[in-house]
Amino acid sequence: MNQSDIDALRDLPVPPQLHVIDGKTVAASDGALMDVISPVDGQVLTRMAKGTAADMQTAIAAARSAFEDGRWAGQPPAARKKVLHRWADLIEARALELAVLGVRDNGTEISMALKAEPGSAAATIRYYAEALDKVNGEIAPTPADVLAMIHREPVGVVGAIIPWNFPLMIGAWKLGPALAMGNSVVLKPAETASLSLMRMVELAHEAGLPPGVLNAVTGEGAVVGEALGLSMDVDVLVFTGSGRTGRRLLEYAARSNLKRVYLELGGKSPNIIFADAPDLGAAAKVAAAGIFRNAGQVCVAGSRLLVEASIHDAFVAEVVKAAQAMRVGDPLDLATAIGAVNSEGQLEQNLGFVEQARAEGGTLVSGGARVMQETGGYFMEPAILTDVTPDATLAQKEVFGPVLGVTRFETEAEAVQIANGTAYGLAGAVWTSNLSRAHRMVRAVRTGVMHVNTYGGADGTVPLGGVGQSGNGHDKSLHAIDKYINLKTAWIKL
Ligand code: ADP
């Protein structure tokens with residue numbers, strides 16, 4: 001794939017996007033549409049259905065009937081597997097089209113979007129397609145006059161609320177295992193990144209997924225997302241997004257049918273650099289990429305850089321060099337390392353965090369300003385602030401933008417204390433040549449994933465989930481399947 005293939009797609013008109021309910025494309029019940037603004041130029045890219053609570057009820061009802069009549073759950077596993085593989089084939093065949101559409105909608109640099117979006121979505125769907133006929137029931141060890149069987153059953157209707165940073169990848173993390181286990185799904189894409197995910201939903205139908213099994217309703221989180229959360233007929237709600245919305249979803253569950261709620265929330269992930277790291281130059285480049293790719297809009301981003309005092313200044317200089325070598329620019333240019341910030345509001349929030357960090361004693365050593373304003377797009381130079389104290393706002397609150405706070409430490413114990421000193425616990429990394437220290441740190445830092453001498457890149461074979469206020473439950477790997485099944489015991493007197 002080359003630049004001219006991308007350029008051929010970059011200005012294609014995008015037709016208005018409607019809901020997909022019961023296998024059909026449908027408008028909002030009141031006909032309302034909302035503008036879709038591209039962060040690449042701040043212009044209206046297209047319009048999409050502004051869903052109502054009634055639209056969401058219709059989608060949930062369609063999912064419920066599809067589940068109850070067994071049109072999907074009742075199919076032999078081999079048949080379900082075939083459909084999911086065909087879906088992955090179609091995603092791969094349309095990878096460029098999906099990636100470019102997604103970038104125009106959410107601003108991620110295309111080099112990353114190609115791999116992380118259609119590439120990983122297809123791989124995830126294949127992974128669960130292959131897993132679905134390897135999930136067995138169990139027979140428990142009981143007295144001889146009893147046969148006790150443990151069945152794994154689909155839960156029924158799954159609601160999935162998806163964020164805007166990686167809609168296809170994160171969408172597939174939920175849809176893959178949910179559909180593989182035979183559930184029906186109602187999907188709510190993010191307002192600022194619906195288009196490519198809706199296209200992926202359409203491809204599922206082209207692949208032969210029966211109507212009603214996967215429904216998707218666009219619109220505002222506070223309207224259609226709330227209706228999904230408050231539904232009495234949704235069995236499990238899965239979510240990736242902010243802690244603020246995560247809390248709401250738990251409340252919705254409490255106020256309605258006590259549906260199970262699985263949350264993948266934010267992080268303030270520590271990237272810890274010891275003086276004995278094997279290659280400090282490489283560590284600096286990876287540290288910069290680990291926070292600044294996709295303009296820092298990555299849940300596992302290494303947003304806190306903890307550096308051993310003896311190498312602090314030299315290491316920060318290397319990170320600054322690496323950051324400044326990352327080109328901020330047109331997200332549809334293959335040479336761009338950092339694309340657009342997703343929305344104007346998000347950009348303002350990022351700039352506000354930089355200002356606040358400075359007011360609290362942080363030193364801005366690189367970037368931190370809006371750039372390319374003449375394009376109308378939402379671009380920002382990656383910001384690096386040193387002298388960020390462990391209790392500063394920048395060290396405690398998730399920015400979800402290209403803003404890195406650096407804190408120095410003297411000892412391993414202090415590094416652990418600072419690393420564990422936030423409400424979050426999603427990801428982290430330690431860089432050291434000392435094998436024992438590496439293992440000690442993996443144990444001591446409270447996160448869902450710890451990297452050693454690298455940052456990011458953990459693939460679909462391993463679970464991702466947070467501790468503390470980073471959430472509950474896991475995406476990816478066979479462990480994700482647990483969210484989408486019920487265990488049922490059959491106790492049979494012989
Ligand atoms: P951000 O603030 O970064 O946009 P959110 O957590 O608000 O993150 O968004 C993630 C997803 O949650 C989006 O699909 C959004 O529409 C949805 N959402 C936002 N508010 C609500 C809500 N009140 N109820 C249900 N879903 C919501």
Fraction of beta bridges assigned by DSSP in the chain that are antiparallel (%, nearest 5): 45
Unit charges at the beta carbon, dipole of the stretch 231-307: most positive-side option, Val286, Val298, Leu250: Leu250
Unit charges on C-beta of K, R, D, E only; dipole of the stretch 192-339, Debye: 320
Sorted peptide list for 51-57, 149-155, criterion being average Cβ within 10 angstrom, highest first: 51-57, 149-155
Normalised contact order of the chain, rounded percent, pairs of Cα under 8 Å and 6 or more residues apart: 18
Debye log10 I(q)/I(0) for the stretch 24-75, one point scatterer per Cα, at q = 0.21 Å⁻¹: -0.79
Other-chain or far-sequence residues with amide H under 5 Å of Thr52's (modelled H): Ser29
Segment Ile150-Glu68, extension gain: residue separation times 0.36 nm, minus the distance between their alpha carbons: 27.4 nm
Spin-label model distance (nm) - Asn420 vs Ser433, 7 Å beyond Cα toward Cβ: 2.9
Overall form of the stretch 170-273 per C-alpha gyration tensor (a/c, 1.5; a/b vs b/c): oblate
Cα centroid separation - the stretch 93-119 against the stretch 270-292, whole Å: 27
The chain: DSSP helices with Cα axial extent of at least 30 Å and average Kyte-Doolittle hydropathy no lower than 0.5: none
Whole-Å semi-axes of the ellipsoid equivalent to the stretch 1-155 (Cα gyration tensor, √5λ, descending): 39, 23, 13
Debye, to nearest 20: dipole size of the stretch 247-312, +1 on Lys, Arg Cβ, -1 on Asp, Glu Cβ: 600
Full-extension gain in nm, Glu251 to Ala282, via 0.36 nm per residue minus C-alpha separation: 6.7 nm
Whole-Å semi-axes of the stretch 286-388's equivalent ellipsoid (Cα gyration tensor): 23, 16, 11
Distance in nm between pseudo-label sites at Asp459 and Gln43 (7 Å out along the Cβ direction from Cα): 4.0
Simple spin-label estimate for Met372 and Asp30 in nanometres, 7 Å along Cα-Cβ: 3.7
Cut-off of 10 Å, at most 16 other beta carbons, DSSP loop: longest stretch of the chain lacking such GluC sites (Glu not before Pro): 1-219
Overall Cα dimensions of the chain, principal axis frame, Å, largest first: 70, 63, 43
Hydrodynamic radius (Kirkwood) for the stretch 218-350, which is based on Cα pairs only, to one decimal in Å: 17.6
Long pairs among Lys24/Lys268; Lys82/Lys483; Lys285/Lys397; Lys50/Lys82; Lys174/Lys321; Lys174/Lys488, criterion Cα-Cα beyond 31 Å: Lys24/Lys268; Lys50/Lys82; Lys174/Lys321
Protection proxy ranking, peptides 364-373, 292-301, 473-482, average beta carbon neighbours within 10 Å, highest first: 292-301, 473-482, 364-373
Percent of Cα-Cα distances greater than 23 Å, calculated over the stretch 348-464: 41
Fewest-first ranking of Tyr424, Tyr455, using other Cβ atoms within 10 Å as the exposure measure: Tyr455, Tyr424
Student exercise, the chain dipole from Lys, Arg, Asp, Glu Cβ charges, in Debye to nearest 20: 1220
Distance between the stretch 423-444 and the stretch 185-246 - C-alpha centres, whole angstrom: 36
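Only the coordinates and a few stated rules stand behind these numbers; no lab work does. Everything numeric here is computed off the predicted structure, so don't read it as measured data. Glycine also receives a Cβ, built like all others from the backbone with ideal geometry; neighbour counts cover every protein chain displayed.
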